[in-house]
Structures are given as structure tokens and as C-alpha cells.
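Working notes for the structure below.
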Amino acid sequence: MNISLIIGWIMDKLLGDPLWLPHPVVFFGKAISWGEHRLNRGNHRRLKGGVLAVSLILSSYLLTWLLLRYASMVHLKSLSLATLIAALLIFFCLAGTTLVKEVRMVFEALERGLDEGRRQVARIVGRDTSQLTEQEIKKAALETLAENLSDGVIAPLFWLLLLGVPGMVAYKMVNTLDSMIGYRTERYRQFGTVAARIDDVANYLPARLTALLMVVVAGRPQLISFVRRYGSKHASPNSGYPESALAGILNCQFGGTHTYFGEVIEKPYIGHHDRPLSTDDMRRACRINLWAEILMVILVALFHYLTCC
């Protein structure tokens with residue numbers, strides 16, 4: 001497992017999400033969209049959405065388990081085919097590098113103009129960006145960076161540690177479901193309820209672990225009380241923890257009212273120092289993300305090494 005983990009993590013650092021390589025999340029998205037268009041109508045939408053979510057999650061786990069089991073029977077010199085496939089799947093499930101690049105591109109776009117910054121941040125957030133100010137764009141990018149550290153890096157590694165590569169892939173399906181149908185809008189309020197609750201459960205421990213890792217690598221353990229104070233105020237039961245950790249580290253304020261799919265969503269404020277954000281803040285946030293990610297990889301690898309000895 002450790003060989004696959006290291007290979008997969010290094011691939012993510014070197015490649016990110018290359019456009020030329022078919023990504024499993026694209027297929028996850030097509031399956032979710034296909035089911036949503038056919039089931040999100042008429043009566044019993046909550047039940048139908050729940051059946052779709054559970055079916056896709058279990059299918060992704062089972063198919064991955066079967067693939068790795070049969071691949072383990074094929075050996076390529078010193079490594080089994082399963083080791084290489086596991087490394088590739090781990091690479092696909094990690095999304096740290098691409099988001100960091102996207103956040104940097106948001107700040108670079110803002111230097112060229114407000115409209116360009118709005119278009120760039122729209123690539124990584126679900127809210128309406130057409131009326132965002134420069135500071136709101138920067139906040140949106142950094143909020144997404146903190147949340148993605150949990151959803152895109154720490155949580156997949158957490159489920160890798162608990163349930164192996166099949167669990168990691170199943171978590172990726174959970175996260176994709178939530179990102180597509182887990183919104184509290186009129187269209188998805190009933191149909192996406194089960195998917196959203198499953199995502200809440202799957203991210204409960206990883207989100208808090210992410211915040212802890214962030215304050216540890218920042219050398220600011222005193223911020224744990226800040227995270228406890230503001231983390232639970234977020235509309236999401238989990239997103240507030242990594243966001244509050246980053247807000248505490250940067251001594252800034254996140255949150256506020258935003259528009260999603262034409263509907264106004266109220267989000268509580270995290271932090272009290274509503275100061276202007278700068279490119280230096282973005283660079284610092286990216287460093288925190290990287291070191292938190294490295295620490296988590298070390299912890300997972302160490303756990304597997306100790307349990308295998």
C-alpha cells in the first residue's frame with residue numbers, strides 16, 4: 001500500500017489533473033447526471049435520490065475491490081498490476097495540486113482585471129461570481145482552498161487509511177454526489193438530501209482532522225479554540241473547520257451571503273478581522289495546504305507500515 005501511496009501522491013504533485021487523461025470523476029459525474037435527470041421528478045424524490053446515491057457509492061467500492069483483486073493475480077517484474085492500478089486510483093482521488101494552481105490563477109487573473117478574476121474564480125466555486133468584488137473573489141478562492149484540502153486531500157487519505165483504495169474511490173463518489181446534487185436549492189433540496197447527509201458523515205472526522213493539521217503545521221496550536229468557536233457556525237457541519245483554521249492563521253474573515261443557482265444563501269461569518277487579503281496571504285495559505293498534506297501522507301504511510309510489521 002505504501003508504494004502505491006507514494007507513487008500516486010508524487011503523480012499528483014507532478015501532473016495534477018491533466019486534461020489529456022480521462023478522469024474517473026468525469027464518469028462519476030455522467031452517472032450522477034444520468035440518474036438525476038431520470039429520477040428527480042414526480043413524487044418520492046428524497047427516496048429516489050437516496051437509492052441513486054447509495055447504489056453509486058456501493059458500486060464504486062465493489063467495482064474497485066474486484067478490479068484490484070483480479071489485478072493482484074498479474075505480476076509485472078517486481079510489482080503486481082494491482083500495485084500500479086492502486087497508485088493510479090490514488091492519483092485520481094487526490095486533488096490538492098490542481099486546486100492550488102487554480103487559486104493562484106485567480107489571484108493572477110485579478111491583477112489583469114476584475115472581470116477576468118470573476119471568470120477565473122467561477123471555475124472553482126459554485127456561487128454566482130458576476131457581481132463579486134475583488135476582496136470577495138479572494139475570499140471565495142481561499143475558502144475553497146481550505147475546504148478542498150479536506151474534501152480533496154485529507155478525507156480521501158483518511159478513507160484510504162480505513163478502507164483501502166476501494167474506500168478512497170467510494171469517498172470520491174460521495175464527494176462528487178454532494179458537489180452535484182447536495183445543494184439546498186429548490187431543484188435539489190429533496191433529491192440530494194441523502195447524498196448531502198452521507199457526505200456530512202464521511203467528512204465529519206476528516207474536516208476536523210484537517211483543521212488540526214493546519215494549525216499544527218502553522219505552529220499555532222492556540223488556534224484550536226478559535227476553530228472550535230467558529231467551525232460550528234458554518235452552514236455546513238464540516239466546511240467551517242478547515243475554513244476557520246485558515247481564517248485564524250491568516251487573521252482574516254470568511255463567510256457572508258452568496259448566490260447559488262439564482263438563490264441567496266446566508267452563510268455566517270468566520271472570524272472578526274475583515275481585512276484586505278493579498279497575494280502574500282494566498283502564498284501562505286498554499287504553503288499551509290502543502291505541509292498539512294505532507295504530514296497526512298506521512299501519517300497514513302506510517303500507520304500502514306506499523307500495521308503491516
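The values are calculated or read from the model by the stated rules, or taken from the named source; none is laboratory data. None of the values given here were measured: they were computed from a predicted structure. Neighbour counts are summed over all protein chains in view; Cβ atoms, including those assigned to glycine, are modelled from backbone coordinates with ideal geometry. To get the accessible areas, we keep the full protein, side chains included, count just its heavy atoms, and leave off ligands, DNA and RNA. Shrake-Rupley method; radii C 1.70, N 1.55, O 1.52, S 1.80 Å.
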Query raised in the report: Which of the residues spanning the stretch 180-206 are open to solvent by less than 40 Å² (accessible area, probe 1.4 Å) and assigned to a helix (DSSP H, G or I)?
Result: Ile181, Thr193, Ala195, Ala196, Asp199, Asp200, Ala202, Asn203, Pro206
**Report entry** Selection status of Ala95, within 21 Å of Leu157 (Cβ to Cβ) and free of Cβ contacts under 8 Å to residues at least 40 places away in the same chain
**Finding:** no
**Report entry** Residue among Leu76, Leu84, Leu89, Leu62 that alone is modelled with pLDDT of 95 or more and open to solvent by 60 Å² or more (accessible area, probe 1.4 Å)
**Finding:** Leu62
Query raised in the report: Which one of these is more than 19 Å from the chain's Cα centre (by Cα), part of a helix (DSSP H, G or I) and among the β-branched types (Val, Ile, Thr): Ile90, Ile85?
Result: Ile85
Requested in this report: Please specify each residue of the stretch 102-113 satisfying the condition of being acidic (Asp, Glu) and surrounded by fewer than 16 Cβ atoms within 10 Å (Cβ to Cβ).
Outcome: Glu108, Glu111
Query raised in the report: List, please: which pairs have Cβ atoms under 8 Å, are six or more places apart or on different chains, and start with a residue in the stretch 125-137 that is within 19 Å of Phe107 (Cβ to Cβ) and end with one that is part of a loop (DSSP other than H, G, I, E, B) and open to solvent by 70 Å² or more (accessible area, probe 1.4 Å)?
Result: Gln135/Pro276
**Report entry** Unique match (being touching a helix residue (DSSP H, G or I) at 6+ places or on another chain (Cβ under 7 Å) and open to solvent by 20 Å² or more (accessible area, probe 1.4 Å)) among Glu143, Glu116, Glu136
**Finding:** Glu116
Report summary line: Expected single match for part of a helix (DSSP H, G or I), surrounded by fewer than 20 Cβ atoms within 10 Å (Cβ to Cβ) and among the aliphatic types (A, V, I, L, M) among Leu209, Leu213, Leu161, Leu177 is Leu161
Query raised in the report: Is it true that some residue in the stretch 245-253 is modelled with pLDDT under 95 and under 30 Å from Arg45 (Cα atoms)?
Result: no
Report summary line: All-but-one check, Lys172 against (1) more than 13 Å from Tyr61 (Cβ to Cβ); (2) under 12 Å from the mean Cα position of the chain (by Cα), failing number (1)
Query raised in the report: Taking into account only those residues within the stretch 19-54 that are under 19 Å from Pro156 (Cα atoms) and open to solvent by less than 40 Å² (accessible area, probe 1.4 Å), which is modelled with the lowest pLDDT?
Result: His23
